[in-house]
Amino acid sequence: MSGEILNSPTNKMAMETELEFLVIFSGLPETVIEVREIISPEDFYLVHIRKCYEYLLSRYDKDGVFITEDMMSYVQSNDGEEALQSVKVAVAEIITFNADGVISRAKRIRQYSLYRQTQNIAEELTYITPETVIDGAESAFQKLAKLTEAPEKKTMKPIQDDLVDYVGKKYSGNTGKIVPTYYPKFDSILSLFNTDLIVLAARPSIGKSAFITNVATKTSFHGYTTGLFSLEMSKEQVLDRIFASVGQIPYGFLTKNSIEGKYSDALGKAATIIHEKCALLIDDTACITVNEIKHKCIENKVQIAIIDYLQLLKPNGGRKYANKVDEVSEITRDLKIMAGELNIPVILLSQLNRDVEKRLNSRPQLSDLRDSGSIEQDANSVIFLSKTNPDDEHSDILVDIAKNRSGPVGKVIFQFDRNTQTFRETEQEYQPPEGRKREY
């Protein structure tokens with residue numbers, strides 16, 4: 001979306017309205033039921049206002065009440081003194097401290113939200129090509145129609161109504177929702193389900209991009225249309241890794257464009273195999289948004305989306321964020337929603353904090369995920385890569401499944417042939433290196 005739209009008077013008015021709404025709403029918990037029927041947290045333009053609104057709703061759901069001091073305390077604790085002062089200014093300027101003031105502002109917030117969503121749909125239309133104009137236009141019209149629909153109210157039903165289908169499914173042997181990586185030991189621990197967000201994290205130079213390129217190549221060779229969104233490396237750099245692994249060609253020869261001798265035949269054979277078998281799509285657009293990734297996945301019927309990496313993604317729609325933590329939280333949330341809407345697994349690479357290198361035991365922990373605790377919260381699975389021996393530059397790589405909502409956690413040791421950028425499973429069992437702290 002253009003800077004003109006993001007900085008438009010309309011969005012500035014939306015920001016003012018949201019602040020006024022929060023101030024009045026925080027003193028009138030009796031309006032919660034009516035307000036909930038008008039707006040949802042997703043309708044807010046300012047992320048910190050949305051989070052404060054969610055906090056007040058959680059207080060109401062727990063205690064049946066909240067007070068203005070709850071809101072002001074939350075703002076001070078989470079957004080600082082400057083934000084608190086803006087709230088106090090709003091308190092002094094607002095006249096209509098009553099239910100009508102809350103409801104009218106809630107309706108305006110909804111209108112501004114619809115406006116922004118319409119702008120996003122218009123933005124998606126700019127990606128339509130002559131070949132996709134019919135599908136793209138139809139998709140846009142459907143989204144526009146849904147904007148004005150009343151929220152669907154689902155009726156709860158007895159568990160007995162689902163038992164026949166559930167039991168029958170368990171006998172079917174159908175594992176269609178599970179996407180294998182074709183690393184047998186790894187797949188025996190972690191199942192990648194459609195709708196899952198899987199986070200793969202490591203410190204720089206461990207090999208996470210090489211590992212995920214190996215996974216992308218394997219899945220695409222087995223017929224899965226795999227979309228690899230490389231925000232850090234160019235398409236040629238990704239291809240260098242793929243050809244090194246598939247053709248068992250020294251990576252350095254490829255990066256320096258100096259293929260000769262026996263590797264000339266290997267390059268030709270690798271090209272033939274990749275041409276015939278590889279269902280891989282590579283996008284090396286820098287500073288891409290989740291909405292843009294989602295559009296490309298829909299357009300190309302992607303079955304597995306791989307994003308390298310989180311900290312380089314650009315937030316959707318130009319929302320204003322108080323800090324990097326809020327921005328990353330919103331992006332991981334959008335990716336989780338995308339995985340559910342497209343019914344595909346989304347594998348997201350992420351950086352780790354530097355603190356992991358300062359510990360005696362340099363094996364990563366969930367608390368090492370960089371920029372946000374929401375990464376762990378939104379992810380169905382979290383996988384860490386680290387050296388089995390941090391003091392050995394040629395060390396094997398520990399692939400540590402540290403979180404797994406659908407099964408056990410566990411570890412698999414891979415041999416990493418850095419010369420050909422190839423990961424191979426081993427039968428080794430992990431043992432912490434001597435002289436270092438034992439398992440935590």
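The values are calculated or read from the model by the stated rules, or taken from the named source; none is laboratory data. On a predicted model such as this, the values are computed, not experimentally measured, just so you know. Every residue, glycine as well, gets a Cβ built from its backbone with ideal geometry; the counts of neighbours run over all protein chains shown.
Residues checked against (1) under 11 Å from Thr422 (Cα atoms); (2) in contact with a Cys (Cβ under 7 Å, 6 or more places away or on another chain); (3) surrounded by 17 or more Cβ atoms within 10 Å (Cβ to Cβ); (4) outside the structural domain of Ala279 (by TED's automatic domain parsing):
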position: Val215; (1), (2), (3), (4): yes, no, yes, no
position: Thr219; (1), (2), (3), (4): no, no, yes, no
position: His222; (1), (2), (3), (4): no, no, no, no
position: Leu228; (1), (2), (3), (4): no, no, yes, no
position: Leu231; (1), (2), (3), (4): no, no, yes, no
position: Phe243; (1), (2), (3), (4): yes, no, yes, no
position: Val246; (1), (2), (3), (4): yes, no, yes, no
position: Tyr251; (1), (2), (3), (4): yes, no, yes, no
Subject >> Condition check for Ser245: part of a helix (DSSP H, G or I), within 23 Å of Leu231 (Cα to Cα) and modelled with pLDDT under 90 >> reply: no
Subject >> Matching residues in region 298-318 - criterion: being part of a helix (DSSP H, G or I) and at negative phi >> reply: Ile298, Glu299, Leu310, Gln311, Leu312, Asn316
Original post:
Can we say Ile109 is of a type in the set (A, V, I, L, M, F, W, C), in a helix (DSSP H, G or I), closer than 15 Å to His295 by Cα and at pLDDT 75 or above?
Top reply: no
**OP:** Restrict the check to region 57-75 and report whether at least one residue is in contact (Cβ under 8 Å) with a residue 60 or more places away in the chain and either assigned to a helix (DSSP H, G or I) or hydrophobic (A, V, I, L, M, F, W, C) (or both).
**Re:** no
Original post:
Would you call Lys12 closer than 21 Å to Ser374 by Cα and of a type outside the set (S, T, N, Q)?
Top reply: no
Original post:
Residues in region 278-296: is at least one surrounded by fewer than 19 Cβ atoms within 10 Å (Cβ to Cβ) and small (Gly, Ala, Ser)?
Top reply: yes
Original post:
If you go through region 51-72 one residue at a time, how many are over 25 Å from Arg333 (Cα atoms) and out of contact with any Phe, Trp or Tyr (no Cβ under 6 Å at 6 or more places or on another chain)?
Top reply: 8
Original post:
For region 254-271, which residues satisfy the criterion of being part of a helix (DSSP H, G or I) and either loosely packed, with under 10 Cβ neighbours inside 10 Å or free of Cβ contacts under 8 Å to residues at least 24 places away in the same chain (or both)?
Top reply: Leu254, Thr255, Lys262, Tyr263, Ser264, Asp265, Ala266, Gly268, Lys269
Subject >> Answer from Val87, Val35, Val23, Val75 - the residue that is modelled with pLDDT under 80, more than 26 Å from Thr289 (Cβ to Cβ) and of a type in the set (A, V, I, L, M) >> reply: Val87
Subject >> Failed condition for Glu434, given (1) farther than 20 Å from Ile189 by Cα; (2) touching a Pro at 6+ places or on another chain (Cβ under 9 Å); (3) at pLDDT below 85 >> reply: (2)
**OP:** Please enumerate the residues belonging to region 15-42 that are hydrophobic (A, V, I, L, M, F, W, C), part of a helix (DSSP H, G or I) and farther than 14 Å from Arg59 by Cα.
**Re:** Met15, Leu19, Phe21, Leu22, Val23, Ile24, Val35
Subject >> Residues that are aromatic (Phe, Trp, Tyr) and not in a loop (DSSP other than H, G, I, E, B), drawn from region 212-242 >> reply: Phe221, Phe229
**OP:** Determine whether Arg59 is under 23 Å from Met13 (Cα atoms), surrounded by 13 or more Cβ atoms within 10 Å (Cβ to Cβ) and not aromatic (Phe, Trp, Tyr).
**Re:** no
**OP:** Scan region 100-124 for residues that are free of Cβ contacts under 8 Å to residues at least 40 places away in the same chain and β-branched (Val, Ile, Thr) and report the count.
**Re:** 2
Subject >> Selected residue [at pLDDT below 95 and over 25 Å from Cys297 (Cβ atoms)] from Ser191, Ser258, Ser209 >> reply: Ser258
Original post:
Would you pick out the residues in region 366-414 that are of a type in the set (Asp, Glu), within 18 Å of the chain's Cα centre (by Cα) and either assigned to a loop (DSSP other than H, G, I, E, B) or modelled with pLDDT of 95 or more (or both)?
Top reply: Asp371
